[in-house]
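I have placed the structure first, in the form of structure tokens, so that the comments after it can refer back to it.
The values are calculated or read from the model by the stated rules, or taken from the named source; none is laboratory data. Values in this document were obtained by computation on a predicted structure and should not be read as measured data. Glycine also receives a Cβ, built like all others from the backbone with ideal geometry; neighbour counts cover every protein chain displayed.
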């Protein structure tokens, strides 16, 4: 669970099947109403962008449940309009998300047991591709 930077919307990840397959829902904290969309088969890792309307989240592979894709969602819109930001094609890596201390970037960390890579995308502007960064093992 996390509240948007302007404290207006709560995002809540719930595991309905006890298989670590989460559904991500959104609630307007002023009205108490839930937004209509539900993001299915996601990881509980998600990050609010600074505009308080955009959320970066991780989708899990339908068969392996491996966290492998990062998507950008605008609250109040259908998930079919979400934008794929990053996809990890190497099945030995899994993906996690972090926000920088400056709060200007979302860092996408594809990780493996002995190797890490990173990709960064801005928290302010939608539509920018992720820049891939590599860390030494």
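Here are the numbers for this structure:
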item	result
Residue within the range 30-38 that is surrounded by 13 or more Cβ atoms within 10 Å (Cβ to Cβ) and either free of Cβ contacts under 8 Å to residues at least 12 places away in the same chain or within 25 Å of residue 110 (Cβ to Cβ) (or both) present	yes
Any hit, the range 127-137, residues being at pLDDT 55 or above, part of a strand (DSSP E or B) and crowded, with 16+ Cβ neighbours inside 10 Å	no
Where residue 2 falls short, out of the listed (1) touching a residue at least 40 places away in the same chain (Cβ under 8 Å); (2) surrounded by 15 or more Cβ atoms within 10 Å (Cβ to Cβ); (3) in contact with a strand residue (DSSP E or B) (Cβ under 7 Å, 6 or more places away or on another chain)	(2)
Within the range 13-26, tally of residues that are without any contact (Cβ under 8 Å) to a residue 24 or more places away in the chain and surrounded by 15 or more Cβ atoms within 10 Å (Cβ to Cβ)	3
Filtered residue count, the range 31-62, keeping only those that are under 29 Å from residue 101 (Cβ atoms) and out of contact with any helix residue (DSSP H, G or I) (no Cβ under 6 Å at 6 or more places or on another chain)	19
Flag if residue 63 is without any contact (Cβ under 8 Å) to a residue 24 or more places away in the chain, out of contact with any strand residue (DSSP E or B) (no Cβ under 8 Å at 6 or more places or on another chain), exposed (fewer than 14 other Cβ atoms within 10 Å of the Cβ) and farther than 16 Å from residue 12 by Cβ	yes
Members of the range 76-98 found to be part of a loop (DSSP other than H, G, I, E, B), surrounded by fewer than 13 Cβ atoms within 10 Å (Cβ to Cβ) and at pLDDT 95 or above, listed by number	76, 78
Single match in 61, 73 (criterion: modelled with pLDDT of 90 or more and more than 23 Å from residue 5 (Cα to Cα))	61
